[in-house]
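Input: a single structure, listed below in structure tokens.
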Amino acid sequence: MELKDLIQIEIPKLALFVPELIVLITGFVLFSLDLIYKRLSHTLAISVSVIGYTLALLYLVFNFDLRGETFYGLYVRDSFSSLLQVFMILLTIILLAFTLQYQRFKRSLYGEFYYLLSFSLLGGMVLASSYNLLLIYIALEAVSVSFYILTALQRGDFTSKEGAFKYLILGGLAIALASYGAVFLYIYAGSFDLRHVLHFNAPDKSFLILGLVFFLFGLAIKIGVVPFHFWLPDAYQGAPTPITAYMSSVGKIAFFAPVLRVMPLVQESFHNTWVLVVGTLAVITFLYGNFVALVQKDVKRMLAYSSIAHSGYILAGVSVANAIGLKAVIYFLLAYSIMGMLGFLVLAVLERSGNWENKLEDFDGLKHSQGFMAWVFAIALLSLLGIPPTVGFLIKALIFMSLAYGKLWWVGILMIVGVGVSTGYYLRLVVLMFMKERERRAIANPTGFERASMVLMAVSLLILGILPMLLWNYISPTSEMLFRR
Amino acid sequence: MKIEIAYTLISIFLFLSGLFGVIIRKNLITLLVSTELMLNGVNLGLVSMDKMVGGVEGQVFALFVLTVAAAEVAVGLGLVVAIFRLRGYESSSEITQLRD
């Protein structure tokens, strides 16, 4: 027998993998720059990252119809992965507009920040485009380990280290649970490919259900679903604020991507178990998140709890395992990533003014001292609450419609209760900013780049709410494609 | 008893003892060791399942788990050192500055 027949290895199609390669090379370049220069100029690091990410983004946008599998079935590029990756890269570029001033004021982001950012972005991009448990495991760890370090980057601040350590321990627990789930799935089907595992039909399904429960609970800890949410408010509050924004947007898209890949593959035989488990988790999550956010005095922590509540709404959509549910969930995830990021980025700018502590009192009469920031923050908050012209209303209505279509009335009604409760804390903040008369201390001015990015995000929140078809035309075929797998 | 079953039971025992360690213990180093114990349980499970199923993918997975766990524990120990520097060893197990 010829040696060539014995070793049947084909060369992987690297054309599908180019955006990731560009991000990886950007990370390595930043790493080398950090090694070469003793004090890396932040402007240089930011320009290198922006150039790298823009190249990756342009490649993705111009080759949006690229489809196929490479690396022997480990890596899948389809419209789902391209869509999520476009959003992740865009949000990362927007984030970089805010880091320079924050670093100048807080002296907290070092050279590590830039390459860890690109490594976690790479992990998120791979996570959005794989069905293989091995690759999902590695990408999950790439994102998480970068996040642990990024959370701890605030120099000399104990809360930052505390949040990072809690995140690390619960993240380690999550990864162990998820990989034990992989063990059970491996016993069940003898393969690590999720498509193969979930289409495999054995008479005894107990190992499949056990494995899926472990795997999903592992991911649920990473997402911050309620019985396992303890790390999330601490890590979000302790982390430097631009990084909180990053974790709540790009991190959320990345950690939800494997769940959304599993969701269309749910079979008829364990559909009821899926609905019950995911639906219950969703209800507990958004009710708990909204009620606890009501009593928070710290606005950053309040937004962290609102992020938990929004994970709950997304999970409510996930529990409806049909195409309509998936469309609503993808729209919700992408729109939330913009809203959540905008909320935290406003805080990142406001923190630059002297003795600002993110307390509720600090927001008294913000309209008079810094009208622009007040308006942007109000749009973000109203969108998080779900007031009609903004996208927040649309996505909540979509989730509710899909719940009604799936006959999950109990989840839908409790979701309305949750949204009603959330009115309390979002509107209180808006009222404080606009109705209070007292003039607060001088507020730091946002730079031109920051203004432009915030306007862009706020306008996109309005546009996505008024003209949903812009995004829906991409989402709709994507979710139908995922259901044909 | 078949040897694979015995190894699987040991793996479950390792995993559960790590889980209880994470839930019960307060000491920072012990917490880190507990998460590593869970991952080692996963490794043993993967390798013994390979024997049962007759493949090699589980062993490849186990190699990756070993490598990545090393990276994670390096970050964890770095954080522990940072916490000890800021707080001192004695009071380090009461890290409850952030709470509702």
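Throughout, read-outs are computed from the coordinates displayed, never taken from laboratory work. Since the model is a prediction, treat every value here as computed from it, not as a measurement. Because the Cβ atoms are built from the backbone with ideal geometry, glycine has one as well, and the counts that use them run over all protein chains shown.
Using the Karplus relation 6.51 cos²θ - 1.76 cosθ + 1.60 with θ = phi - 60°, the per-residue 3J(HN,Hα) values for the range A:163-169 come to x, 5, 5, 4, 4, 5, 5 Hz, with x marking Gly and Pro.
Inter-chain Cβ neighbour count for B:68-76, averaged per residue, equals 5 (cutoff 10 Å, partner chain atoms only). The angle between the Cα long axis of helix A:252-262 and the main principal axis of chain A comes to about 30°, on a 0 to 90 degree scale. What distance in nm lies between label points placed 7 Å from Cα along the C-beta direction at A:Val18 and A:Arg485? The modelled label-to-label distance comes out at 2.4 nm. Counting neighbouring beta carbons within 10 Å and listing from fewest to most, the residues A:Lys252, A:Lys367, B:Lys2 come out as B:Lys2, A:Lys367, A:Lys252. Cross-link partners among lysines for A:Lys436, C-alpha distance below 21 Å, same-chain residues fewer than 8 apart left out? Leaving aside lysines fewer than 8 places away in the same chain, those within reach of A:Lys436 are A:Lys297, A:Lys300, A:Lys359, A:Lys367. In this rough spin-label picture, where each label sits 7 Å from Cα along the Cβ direction, the A:Met435-B:Ile10 distance is 6.7 nm. Each stretch of four or more DSSP H residues adds -39500 (n - 2.57); spread over every residue of chain B, this sum gives -28000 deg cm²/dmol at 222 nm. Each residue of the range A:323-340 was assigned a 3J(HN,Hα) from its phi angle through the Karplus expression (A = 6.51, B = -1.76, C = 1.60, θ = phi - 60°), giving 4, 5, x, 5, 4, 4, 5, 5, 4, 4, 4, 5, 5, 5, 4, 6, 4, x Hz with x at Gly and Pro. How high is the relative contact order of the range A:187-332? Use alpha-carbon pairs under 8 Å, at least six apart in sequence, and give a whole percent. Relative contact order comes out at 25 percent. Rounded if a/c is under 1.5, else prolate if a/b beats b/c, else oblate: with a ≥ b ≥ c from the C-alpha gyration tensor eigenvalues square-rooted, which is chain A? Oblate, because a/c is 1.5 or more while a/b does not exceed b/c. Mean per-residue shielding of peptide A:183-190 is 6, counting Cβ atoms of other chains within 10 Å of each Cβ.
Ordered by the number of other Cβ atoms lying within 10 Å of each residue's own Cβ, fewest first, A:Lys166, B:Lys26, A:Lys13 fall into the sequence B:Lys26, A:Lys13, A:Lys166.
Among rounded, prolate and oblate, which fits the range A:266-485 when a ≥ b ≥ c are the square roots of the eigenvalues of its C-alpha gyration tensor, a/c under 1.5 means rounded, and a/b larger than b/c means prolate? In terms of gyration-tensor shape, prolate. When you restrict to C-alpha pairs under 8 Å that are six or more residues apart and normalise by the size of chain A, the relative contact order lands at 14 percent.
Each Lys and Arg Cβ is given +1 and each Asp and Glu Cβ -1; about its Cα centre, chain A then shows a dipole of about 920 debye.
Contact order for the range B:3-86, expressed relative to its length and based on alpha carbon pairs under 8 Å spaced 6+ residues apart, stands at 30 percent. Computed from Cα atoms, the angle from the helix A:79-106 axis to the main principal axis of chain A rounds to 30 degrees.
What do you get for the angle between helix A:299-319 and the principal long axis of chain A? Use alpha-carbon atoms, 0 to 90 degrees, nearest ten. Result, in degrees: 30.
With a/c under 1.5 counting as rounded, go ahead and sort the range B:3-86 into rounded, prolate or oblate using the C-alpha gyration tensor (a ≥ b ≥ c being the square roots of the eigenvalues; past the cut-off, prolate if a/b is larger than b/c, else oblate). Since a/c reaches 1.5 but b/c is at least a/b, the shape of the range B:3-86 is classed as oblate. Annotation: aspartates and glutamates with alpha-carbon distance below 18 angstrom to A:Lys222 (same-chain offsets under eight excluded): A:Glu141, A:Glu162, A:Asp234, B:Glu36, B:Glu72.
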